[in-house]
Amino acid sequence: MAAEAFLSEYRDRELLRFLTCGSVDDGKSTLIGRLLHDAGTVYEDHMRAAHRGNDLDLALLVDGLQAEREQGITIDVAYRYFSTPKRKFVIADTPGHEQYTRNMATGASNSDLAVLLVDATQGVLDQTRRHAFIASLLGIRHLVVAVNKMDLVGWSEAVFRVIRDEFSEFAARLQVSDIEFIPMSALLGDNVVHGSDQMPWHAGGPLLAHLESVHIASDRNLIDFRMPVQLVVRPNAEFRGYAGSIASGVLRADSEVLVLPSRQQTRVRSILTANGESDRAFAPMPVTVTLEDEVDVSRGDMLVYPNNVPHLEHAFEAMVVWMHEDGLAPGREYLLKQTANVVPATVSTPRYRINVNTLSRESCESLALNEIGRVRVETPRLLAFDAYERNRTTGAFILIDRLSYATVAAGMIVDRDSARPETSPALVPDWSRRLGQLPLSIAIRGTDALGVAGALRELLSRRGFLVEMLTRDAIGNLDPVALSAYLRRFAAITIIPMDAPGPLVVTCDEQTIAGRDAEAIYATLTDLELLVRL
Amino acid sequence: MTRSILSHLEALEAESIHILREVAAVMARPVMMYSIGKDSQVMLHLARKAFQPAPLPFPILHIDTTWKFAEMIAFRDRIVRETGAELLVWTNPEGLRENVNPFDHGTQRYTHVMKTEALKQALDHYGFNAAFGGARRDEERSRAKERIFSFRDRFHQWDPKNQRPELWNLYNGRVHKGESIRVFPLSNWTELDVWLYVEKENIPVVPLYFAKERPIVERDGALIMVDDDRLRLREGERPAQRRVRFRTLGCYPLTGAVESDADTVPKIIAEMLAARTSERSGRVIDFDEDGSMEEKKREGYF
Ligand SMILES: Nc1nc2c(ncn2[C@@H]2O[C@H](COP(=O)(O)OP(=O)(O)O)[C@@H](O)[C@H]2O)c(=O)[nH]1
């Protein structure tokens, strides 16, 4: 192939980070080796090193971490890389031994997807449930259950189904919406990179095809604009910029912003991205922002939009994973790092600890290495944060020991509202809050109203919004005021195609915007920051 | 439709810039190791982006073993002129006095004295407590487990039992007096990513990466370039012009070339996508001992 063709093929791909987890001997090393080998990304010199005699041992391609284990070295995660013309992949490979919880949490923290290995001859085990729970706790939204060693069970669809059904039943309790089951033989290569002649009953494709196509773009929060300031850039008296990575949402030049915790309000003058000045930037882009007014901003402050602010408090509830041999000392002072802040913090006695095998809650006085529990954290400084479930950047923190400076725990902030389900009376379901979207109705008129509405619905739902579509017929005859009031009752985005000819109009709150097609409407919606949280 | 997804190169760039800024913000005395190769060039390019329009908030440090390719030194000086970066060059004075070289002392001792010891001396001399390195995890299997913030004790040694878990982008750079961290902003980049980025961003690299006729001797299976008359030719060795390029750059007597026709970045990328050997197969340094990288890392080499 010509050099330029390679370039265009490989330059603009997405990045998928995934985690592999399984118990010892489930075939994890073999699977990764198979993936790298069949995807054609293993170098010859590495390949030679992976032979035992004349036989290729796929597991040797990934260096089973055996030596380190024997020396008692703590390996939390080994990272491996491979590429196809569709995507670049980063595999976080976590060894499945005693340190599983700590290792898995580390690998999962930056992963979009988790591959859970299940040995078909053993079925769903405690470990499988534990891995699924930790993946879900760390906010992973896509699971692949790789039912391995199908060759040892005669490629049996019945065996596969039992595993699938059992796991699905358990997973209904987790916060993972997307679960894919793939029967495979890592050893023989069936359904890893290539399909399988042995299992024609499996309608879905092989693992790699799934990894190449799973839709992850809408996992990111592009709704709540948050930018923690990492660094003040001040080369001379004329320029004063605030550098940081956008944690979530979209930043636009000229918008009003609020500086937290001081609550000073000002306006964005310019946005400098890695590729020059821009009037728009989105998560996770690193930017340097200049502001209209001389406000006092320093590292750890957060820039947000005035109409969409995070929690700003001295305390929060969190799930923490304890990562150090010295267990949690309730009441003792730790250092807490959240976004760019490092502040003193105390942690309460755990409300409970989660038994990761049964997922039941147990009472406890402390948390030991690899234990997960629910605590309350207090800091003397006001912190701006969101629930982790909603924001994997502003809702995450680590705890650091004040004396040794060791990282002792990782935490995920729990939303206060969902935090006390046992104590509060039955809440009126606040759908828009739970869905994280504003009730918004969009009426579409025009010759192709139905087509445009359908396309817009498709766009919005691919970006993770719950969308309902009504046709004019379904509403009946209402005058404009009644119609508008009626539409607002929907706690979701409701798209109504009107078949009457006329200009295409989108109405929502007091705004009226003209547009042309679904893409244009969507762009307008995000431009107006209308899809904000209540 | 306005775009809201980063390409993989932009995502890697974003991660690296975040790391560079984080270190500059929290560490008292950072320095960037500058080895003149393509990875260093990419790292320097990212650092300039991270702090623009301000100059780099830290100096760059080159450990000069005195055995680098002449073209590397010329390139280094050109880059310093063009970027205005503050360059520090350090050579181990004892090594220099005793003329420690790869021929009389063996590669292992030579590397220890002229690279590992030299680096420690330089860090101590200037009091740096954080040093950026351009190493990538895909370079070599033992690096796969290396953290982005790699913790070193007061003897600059990597203590495998005392590394910190790294979650999200919440790096813990706290150190006590005398301790330090090595930081690898390119950890998640592969050789392919580096070249794709060099191409996309038009980053200058040492011409040795491009194929050209060069005077070569074949030694222990490696193609060694006769860069100056200090290379002691063995019995029967006669330099011959061969069309070669280098995939990694280091000390010329220890760096093997590959035969190639790739004389542009796109051709290098095309060649790499078709290539079947890893870039480290050209590094003599990895071959001479077992588990050598791991050992060197423990001693304080990158
Ligand atoms: N029959 C069969 N054996 C497998 C399969 N995958 C892995 N194995 C074997 O299971 C054992 C453990 O595999 P390994 O990859 O080392 O497991 P790990 O501990 O999870 O990394 C090895 O003997 C593999 O050859 C498979 O699909 N079928």
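Take the Cα of A:Ser461, go 7 Å toward its beta carbon, and the backbone nitrogen atoms of the range A:207-250 under 16 Å from that spot belong to A:215, A:218. Subtracting the Cα-Cα distance of A:Asp293 and A:Trp201 from 0.36 nm times their residue separation leaves 26.6 nm of extension gain. First check a/c for chain B, with a ≥ b ≥ c the square roots of the eigenvalues of its C-alpha gyration tensor; if it is under 1.5, answer rounded, and if not, answer prolate when a/b is larger than b/c or oblate otherwise. Here chain B falls in the oblate category. Computed from backbone phi with θ = phi - 60° and the Karplus coefficients 6.51, -1.76 and 1.60, the 3J(HN,Hα) list for the range B:254-269 is 10, 10, x, 9, 10, 6, 6, 10, 6, 10, 9, 4, x, 5, 4, 5 Hz; x is used for glycine and proline. From the Cα gyration tensor of the range B:160-242, with a ≥ b ≥ c the square roots of its eigenvalues, which class applies: rounded if a/c is under 1.5, or else prolate if a/b is larger than b/c, or else oblate? Prolate shape, in that a/c is at least 1.5 and a/b is the bigger ratio.
Count Lys and Arg as plus one, Asp and Glu as minus one, and take only other residues whose Cβ is under 12 Å from that of A:His210; the net charge is then -1. With R₀ set to 45 Å, the beta-carbon distance separating A:His314 from B:His176 gives a calculated FRET efficiency near 0.95. Applying the Karplus relation 6.51 cos²θ - 1.76 cosθ + 1.60 with θ = phi - 60° to the range A:108-125 yields 3J(HN,Hα) values of 6, 4, 10, 9, 8, 8, 10, 9, 9, 8, 10, 7, 4, 7, 10, x, 6, 10 Hz, where x marks Gly and Pro.
Remark: the range A:215-230, residue by residue, has Karplus-estimated 3J(HN,Hα) of 7, 10, 4, 8, 5, 7, 7, 10, 9, 8, 6, 9, 9, x, 7, 8 Hz, where x stands for each Gly or Pro and the curve is 6.51 cos²θ - 1.76 cosθ + 1.60 at θ = phi - 60°. Once both labels are positioned 7 Å from their Cα atoms along Cα-to-Cβ, the gap between A:Glu325 and B:Arg234 label points is 4.8 nm. Distance between the pseudo-spin-label points of A:Ser218 and B:Arg243 (7 Å out from Cα toward the beta carbon): 5.2 nm.
Based on C-alpha pairs under 8 angstrom that are at least 6 apart in sequence, the range A:345-420 has a relative contact order of 23 percent. Among beta bridges from DSSP that stay inside chain B, the antiparallel ones total about 65%.
Given a cut-off of under 8 Å on Cα pairs at least six residues apart, what relative contact order in percent is computed for the range A:214-345? Across the range A:214-345, relative contact order equals 25 percent. Under 19 Å from a label point set 7 Å out along the Cα-to-Cβ vector of A:Leu188, the amide N atoms of the range A:206-237 belong to A:206-208. Could you tell me whether the range A:154-223 comes out rounded, prolate or oblate from its Cα gyration tensor? Rule is a ≥ b ≥ c as square roots of the eigenvalues, rounded for a/c under 1.5, then prolate if a/b exceeds b/c, otherwise oblate. It comes out oblate by the Cα gyration axes.
Each of B:Tyr126 and B:Ala70 was given a label point 7 Å from its Cα along the Cα-to-Cβ line. The distance between the two points is 2.8 nm.
A Förster distance of 56 Å, applied to the separation of the beta-carbon atoms of A:Asp254 and A:Thr358, puts the FRET efficiency at 0.55.
FRET efficiency for the B:Thr83 to A:Glu169 pair, using the beta carbon distance and R₀ = 45 Å, is estimated at 0.15.
Just so you know, all these numbers are worked out from the coordinates, no wet-lab data involved. Being a predicted model, the structure only gives us computed values, none of them experimental. As a convention, Cβ positions derive from the backbone with ideal geometry for all residues, glycine included, and neighbour counts pool all protein chains shown.
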